[in-house]
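See below for the structure under consideration.
The values are calculated or read from the model by the stated rules, or taken from the named source; none is laboratory data. Please read these numbers as outputs of a predicted model, since none were measured by experiment. To get the accessible areas, we keep the full protein, side chains included, count just its heavy atoms, and leave off ligands, DNA and RNA. Shrake-Rupley method; radii C 1.70, N 1.55, O 1.52, S 1.80 Å.
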Amino acid sequence: MGDPEVSSERHRVGRSISSFSSFRIIPINDDDTPHSEGTNFSPVDSLRSIDEKKDSNVDENENANANVAEEIDSWLPITESRTGNAYTAAFHLLSTGLGNLAFVLPFAFTSLGWSGGIVVLTVFFAWRLYAICLLVSLHETADGTRYSRYIQLAIIAFGEKLGKCLAIFPIVYLSGGTCIMTIITGGNTLQLFYKAICKNDQNCLDKSPSGAEWYLVFICLAILIALFSPNLDSLTWVSFVGSIMGVSYFTILWTLSISKGRLNGVSYNPSDNVTTNMERFRDVLNGIAIIAMGFRGQNLVLEIQGTLPSNPKHPTRTRMYKGVIASYSFVAMCEFPLAIGGYWAYGNMMPENGIMVAVAKYHQESTPKGLISTIYLLVVIQCLCSFQLFVMPVFDNLERIYVSRKHKACPRWVRSCIKLLYGGLAYFMAVAFPFLISLAKFIGGIALPLSLVYPCFMWISIKKPKRNSLMYCLNMFLGCLGTLITVVQVAGALWYLVVNKLDANFFNP
């Protein structure tokens, strides 16, 4: 029986531990071996065992969720194929980085002047390149986790609710708006190409299709290309063609403008276009907004990096940095001469719609018809190629809805239906709202945080540097400055639209 005092003490200790029903037998689960009264058993060991089992279950759930996420990624067009390299990344970045938005860069100089225009252009170019490098560094973590979509990285950095609130609207707005504006630009350029071919043949000009019909021709060609491109990695040849076309027509435009010489009576004084200080301030804001939106494609950096293979010895950022340096070297060689050379040739006589309109306005009669037609054709082809890249996140999101519900990859006919339906919707928007091209500065202002602000704050949130470190101070300063510029750009764009665009021709540009 034993000593009654010992039995009493044992009974008291057993009752004092609320996690266990008795001191003699403490089952943890069906597989646990009971501990008898004579064994050296510690309740702390039992608690540690329970915690270890809970941690093991959590790890198993996390691994299962990670496997499901990887399986879904393998079915979606952005991450379906990861066989890219530095060259394919460079082609993708160059094809999206060059576009018709840069045509208006010389017009920004009419508001800022020589020194102001060059300084602002250089600062924004360097800032965007730095933001791209931040996104590249955040794409892949040390444990191999990859974030191949902007919204995923925003959720990791800012939390699920705040990340979705900050990123979803600008991403959808930018992707959809860019696609629609590409349709409008491509359709209008097709019409200009047709008129350049006809030139003075009135019978040929009378047979020209309407603007809506040219939009339809463009979107049919664009969707036809998309039907034969199942994923982002398969668009390498499209990006290669788009890069060649972009570099070609940029070079032709600025070299042609310089070769023709400066116009008679050209002026470089920004104050010649305004009469009051308020108008001068408004024009400066407009010039900054034009340069800020002159660069594009930064929102696709993570998606493009998602097409690259990765392993512990060769992470994706190494090849991606090479692609970024190569592509943006060409972007700089195209856009800086275009802006500076265009302003030198036309000065304050530069049309608001940019250098291509200036060439047609001042030099079309003295320029061979074949050269003008070639410029228009190159622009159309480049628009077709860049459309494929900008529309890919839209297709990816639409396919994700199907994959999440059916738990299987989209069949070919489903993908085709998605692309045809979106093509029809985009065409309807382009026809219904052809003036969206006039809202480019406003659209660019809303989406500007994706390029300048969020990368800085996301780097701080994820990397968690010391508050007194250089990188923390630099990214905090750039993030706050970008927020201020965004507010100023949106306000300036709205102001400019109210003052200059709300007339009888606003809805018929």
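Suppose accessible area is computed on protein heavy atoms with a 1.4 Å probe; arrange ARG146, ARG405, ARG82 from highest to lowest.
Values: ARG146 45, ARG405 185, ARG82 70 Å².
So, going from the largest accessible area down, we get ARG405, ARG82, ARG146.
Would you rank CYS220, CYS204 by solvent-accessible area, highest first, keeping every protein chain in place and using a 1.4 Å probe? Can you show the working numbers first?
Details: CYS220 75, CYS204 35 Å².
Most to least solvent-accessible, the answer reads CYS220, CYS204.
Send over a whole-number figure in Å² for the accessible area per residue of segment 204-294, probe 1.4 Å. It would help to have the intermediate numbers written out before the result.
On the way: 4200 Å² over 91 residues.
It amounts to 46 Å² per residue over segment 204-294.
With the Cα gyration tensor of segment 315-459 giving a ≥ b ≥ c as the square roots of its eigenvalues, does the rule (a/c under 1.5 for rounded; else a/b larger than b/c for prolate; else oblate) give rounded, prolate or oblate? Write down the numbers at each step before the final one.
Values: a/c = 2.06, a/b = 1.52, b/c = 1.36.
Since a/c reaches 1.5 and a/b is larger than b/c, the shape of segment 315-459 is classed as prolate.
Using only Cα atoms, what Kirkwood radius does segment 276-377 have, in angstroms? Spell out each step's value before the answer.
Values: mean 1/r = 0.0578 Å⁻¹.
Answer for segment 276-377: a Kirkwood hydrodynamic radius of 17.3 Å.
Using protein chains only and a probe of 1.4 angstrom, how many square angstrom of GLU213 are accessible, to the nearest 10?
100 Å²
Ranked from the most accessible area to the least, with a 1.4 Å probe and all protein chains present, what is the order of ILE219, ILE288? Present the calculation step by step, with values, prior to reporting the outcome.
Values: ILE219 10, ILE288 50 Å².
Highest to lowest solvent-accessible surface, that is ILE288, ILE219.
For the pairs LYS419/LYS464; LYS164/LYS463; LYS161/LYS466; LYS322/LYS464; LYS322/LYS361; LYS161/LYS419, note any where the Cα-Cα span goes beyond 32 Å. All intermediate terms of the calculation are to be shown ahead of the outcome.
Working: LYS419/LYS464 41 Å; LYS164/LYS463 20 Å; LYS161/LYS466 26 Å; LYS322/LYS464 26 Å; LYS322/LYS361 40 Å; LYS161/LYS419 29 Å.
Over 32 Å apart, Cα to Cα: LYS419/LYS464; LYS322/LYS361.
Of the accessible area of segment 284-364, with the probe set at 1.4 angstrom, what percent is carbon plus sulfur?
Details: 1730 of 2670 Å².
Of the solvent-accessible surface of segment 284-364, carbon and sulfur hold 65 percent.
For segment 145-212, what relative contact order do you get, as a whole percent, if you take Cα pairs closer than 8 Å and at least 6 residues apart? Walk me through the numbers before you get to the answer.
Working: 28 pairs, mean separation 12.5, N = 68.
Reported as a whole number, the value is 18 percent.
Report the Stokes-Einstein translational diffusion coefficient (µm² s⁻¹, integer) for segment 163-295, Rh taken as the Kirkwood radius over Cα pairs, at 20 °C with viscosity 1.002 mPa s. Please report the intermediate quantities before stating the final value.
Values: Rh = 19.4 Å.
D, rounded to a whole number, is 111 µm²/s.
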